[in-house]
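*Asks:* My questions will all concern the structure given below.
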Amino acid sequence: MERAERGLIDADLGGGVIKQRIARPGAGKSKGYRSIVIYKKDDKAFFVYGFSKNQLGNIREDEEEQFKTAAKSILALTDRQIRQLVENGQFEEVMYGKKISQ
C-alpha cells in the first residue's frame, strides 16, 4: 500500500477498487501476484482478493462490478464499525505485513 499512497497504482478499476501487482520472489511483478484492494487514499485499504498471474489472467467484468458494489458499503463503514468487524473476526487488520495482536 506504500506504493499506492505514493500514487503508484497498477490499475484503478474505479469506484474505490484498485489492482496492485505483487512481485513473486525471484521473478518480479510481471509474473507475480495480483491483489484487488478496496482503497481510499490517505484513509483505508482492504485487501479483498488475491491471485497468481499464471493461474488467472484477470478478474471477470461481473467480479469487478461486485468488488465496486462491496467498496461502496465497506468505504462507508465508520471506524467503530470496522473495529467491531475486526473484533468479531470478520476482518483482519494487517500493518506492514504483520497481523496486529488484539
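Rule-based calculations on the coordinates, nothing more; no lab input. Computed from a predicted model, the values in this text were never measured in an experiment. So basically every Cβ, Gly included, is an ideal-geometry build from the backbone, and we count neighbours across all protein chains shown.
*Asks:* Could you tell me how far the Cα centroid of the stretch 61-86 sits from the Cα centroid of the stretch 33-51, in Å?
*Replies:* One Cα centre to the other: 11 Å.
*Asks:* Multiplying the sequence separation of K29 and N58 by 0.36 nm and subtracting their Cα-Cα distance, what value in nm do you get?
*Replies:* Length difference between fully extended and current span is 9.0 nm.
*Asks:* Moving on. Would you mind computing, in nm to one decimal, how far apart the modelled labels at A11 and S73 are, each placed 7 Å from Cα along Cα→Cβ?
*Replies:* 2.4
*Asks:* Now a separate question. Viscosity 1.567 mPa s, temperature 4 °C: what is the translational diffusion coefficient of the chain from Stokes-Einstein with a Kirkwood Rh over Cα pairs, rounded to a whole number of µm²/s?
*Replies:* 89
*Asks:* Can you show me the helix-derived [θ] at 222 nm for the chain, built from DSSP H runs with n ≥ 4 at -39,500 (n - 2.57) apiece and divided by the number of residues, rounded to the nearest 500.
*Replies:* My calculation for the chain gives -8000 deg cm²/dmol from helical runs alone.
*Asks:* Under the 0.36 nm per residue contour assumption, what length would be gained going from the current alpha-carbon distance of N88 and I22 to full extension?
*Replies:* Net length gain for the segment: 20.9 nm.
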